[in-house]
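What follows is a short report on a single structure.
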Amino acid sequence: MTNDPSTIAGTPLPPSRTLPFPPKASGSFVGRTLADSDYAPLPPQRHLGDDAPNIVVILIDDAGPALPAPLGGAINTPTLERIRGEGLGFNRFHTTAMCSPTRASLLTGRNHHRVGSGQIAELANDWDGYSGHIPKSSATMAEVLRNYGYSTGAWGKWHNTPAEETTATGPFDRWPTGYGFEYFYGFLAGEASQYEPNLVRNTSTVLPPKTPEEGYHLSEDIADDAIGWLRDHKATAPDKPFFMYWATGAIHGPHHIMKEWADKYKGAFDDGWDVYREQALEGAKAAGWVPRDAVLTPRPDNLQGWDEIPEEQKPFQARLMEVCAGFAEHADVQAGRLVDALDELGYADNTLVVYIWGDNGSSGEGQNGTISELLAQNMIPTTIDQHIAALEELGGLGALGTPATDNQYHAGWAWAGSTPYQGMKLMASHLGGTRNPCSCAGRTGSPTTRSRARNSTT
């Protein structure tokens, strides 16, 4: 680095703008005795204006652009539709085709290799750009905002700590609380069971508040906890702005959701992924999401067409997508509970909500569809007989009250979910893994003002 002003674009920031800010000076004087001393503390330092907005970032996992109904898909997402309707919709939020790199870029505003996140955290290594260590020279949004006076909290999926550092003994400096978040509740890895997750609160491992048999689901839990945090904030620091990072485990595999949510989509995907792509493209055009002259990319040669699937297997493949759809809608509804809480607590008048639909495209890691997505990732297939036998239990609980399957849909559905692109998660080419929908709403003013903003969608 150089201090030569001629090498700097624009006016350099004054030294006082470096973070963290210098500590507040003392206005008091200490003499030899109490009588000789003067106690006159200076007022608290303020680095924000009175109208500094609250910021809420909602991030859905492994979701392609052709799934939500507001963008032409088949999955009901009322919260995404609500945020887009109140503000702006963008169809080219740049992702990196993988979870950890996208999240590191989102949190720091920098290229993922620049912040040591060129690969997922489980594969962090000694190569430059792949260490999994976000350097202290690249502050996260949470660190910057906390220094300026924000309260900061994160919920759900983290996936930015090297796997060997996620044990109960740390080290903890690369956990969320080491990167500027004053509070964290969620899981550190890339995926979790939605019924039996390995949870962390700040730097302590904790058990879920109830069992699967008692109705536990991770998406609901992180919504409950975030709403509780908001209520505490309202009670103890109502004048202090906050930054919330709320990232679901949905719709990353395993696709776990209660049967009634999956049943809402019965029959919706019986025509298969080739037909779904055609319908999704027309829906996206009607929604103004893609240009009217957009055409579908061809199906990759190594990907089965729906007509190539044996008839007796099609109910299993269609049900996998029904489960995924119910899982996605359920996650969106939990995000809606969080947005409702902002309204109920009086924060709607000065809060920026950023809703990102997917940290990469849809995931094809299920290969040919599976009831054990970790086995599929390790190239260990489950059998067709096992698939058919598990048809009625997909995504739900078995007789023992524990998850019956760890299912993931066929790569054909991932390809369909990334319509009109050819690529998907893990593929940095063909855009399907690197372009995701993002909606932003500055929830300010009266409902009438917000209604007028719906005409500003782009």
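Quick look at the numbers
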| item | result |
| --- | --- |
| Crossing angle, helix 218-236 versus the chain [Cα axis fit, 0-90 degrees, rounded to tens] | 20 degrees |
| The range 394-438 - Debye-derived log10 I(q)/I(0), Cα point model, q = 0.17, 0.25 Å⁻¹ | -0.58, -0.80 |
| Nitroxide proxy distance, nm - points 7 Å out along Cα→Cβ at Asp385 and Phe21 | 7.0 nm |
| Apportionment of accessible area to carbon and sulfur, the chain, percent (1.4 Å) | 54 percent |
| Global form of the range 299-394, assessed from the alpha-carbon gyration tensor, a/c cut-off 1.5 | prolate |
| Cα gyration tensor of the chain - equivalent ellipsoid semi-axes, whole Å, descending | 42, 24, 23 |
| The range 200-309: equivalent-ellipsoid semi-axes (sqrt of 5 x gyration tensor eigenvalues, Cα, Å) | 40, 22, 14 |
| Packing rank of 381-389, 195-203, 357-365, 30-38, where each peptide gets the mean count of other beta carbons within 10 Å, highest leading | 357-365, 195-203, 381-389, 30-38 |
| Distance from the range 212-241 to the range 386-441 (C-alpha centre basis), Å | 27 Å |
| Mean accessible surface per residue for the chain, computed with a 1.4 Å probe while every protein chain stays in place, in Å² | 45 Å² |
| Convex hull volume per residue for the range 344-447, taking Cα atoms only, in Å³ | 172 Å³ |
| For the range 29-143: span of alpha carbons on each principal axis (Å, largest first) | 76, 44, 18 |
| Proximal aspartates and glutamates relative to Lys234, as straight alpha-carbon distance under 13 Å, when same-chain residues fewer than 8 apart are discounted | Asp343, Glu344 |
| DSSP-defined antiparallel bridges as percent of all bridges, the chain, nearest 5 | 45 percent |
| Intensity falloff of the range 90-208 expressed as log10 I(q)/I(0), Debye formula with alpha-carbon point scatterers, at q = 0.16, 0.17, 0.21 Å⁻¹ | -0.73, -0.83, -1.22 |
| Accessible area of Phe90 in the full protein assembly, 1.4 Å probe (Å², nearest 10) | 80 Å² |
| Between 0 and 90°, nearest 10: helix 314-344 axis offset from the chain longest Cα axis | 30 degrees |
| Estimated inter-spin distance, Lys240 and Ala163, nm [label 7 Å along Cα→Cβ] | 3.7 nm |
| Cα centroid separation - the range 63-77 against the range 335-378, whole Å | 12 Å |
| Relative contact order [Cα under 8 Å, 6+ residues apart], the range 177-238, whole percent | 25 percent |
| Accessible surface of Ser26 - all protein chains present, 1.4 Å probe, nearest 10 Å² | 90 Å² |
| Label-point separation in nm, Lys285 to Asn147, each point 7 Å along Cα→Cβ | 5.0 nm |
| Relative contact order %, the chain, counting alpha carbon pairs below 8 Å whose residues are six or more apart | 25 percent |
| 28 Å Cα-Cα reach of Lys136 towards lysines, excluding residues that sit fewer than 8 places from it in its own chain | Lys24, Lys157, Lys240 |
| For Leu88, solvent-accessible area (1.4 Å; no DNA, RNA or ligand), Å² | 60 Å² |
| Nearest-0.05 FRET efficiency for Lys136 and Ala35, computed from C-beta distance (R0 56 Å) | 0.75 |
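The values are calculated or read from the model by the stated rules, or taken from the named source; none is laboratory data. All values derive from a computational prediction rather than experimental measurement. All Cβ positions, glycine included, derive from the backbone under ideal geometry; neighbour counts span all protein chains shown. Calculation scope for accessible area: heavy atoms of the full protein, side chains included, ligands and nucleic acids excluded. Shrake-Rupley method; radii C 1.70, N 1.55, O 1.52, S 1.80 Å.
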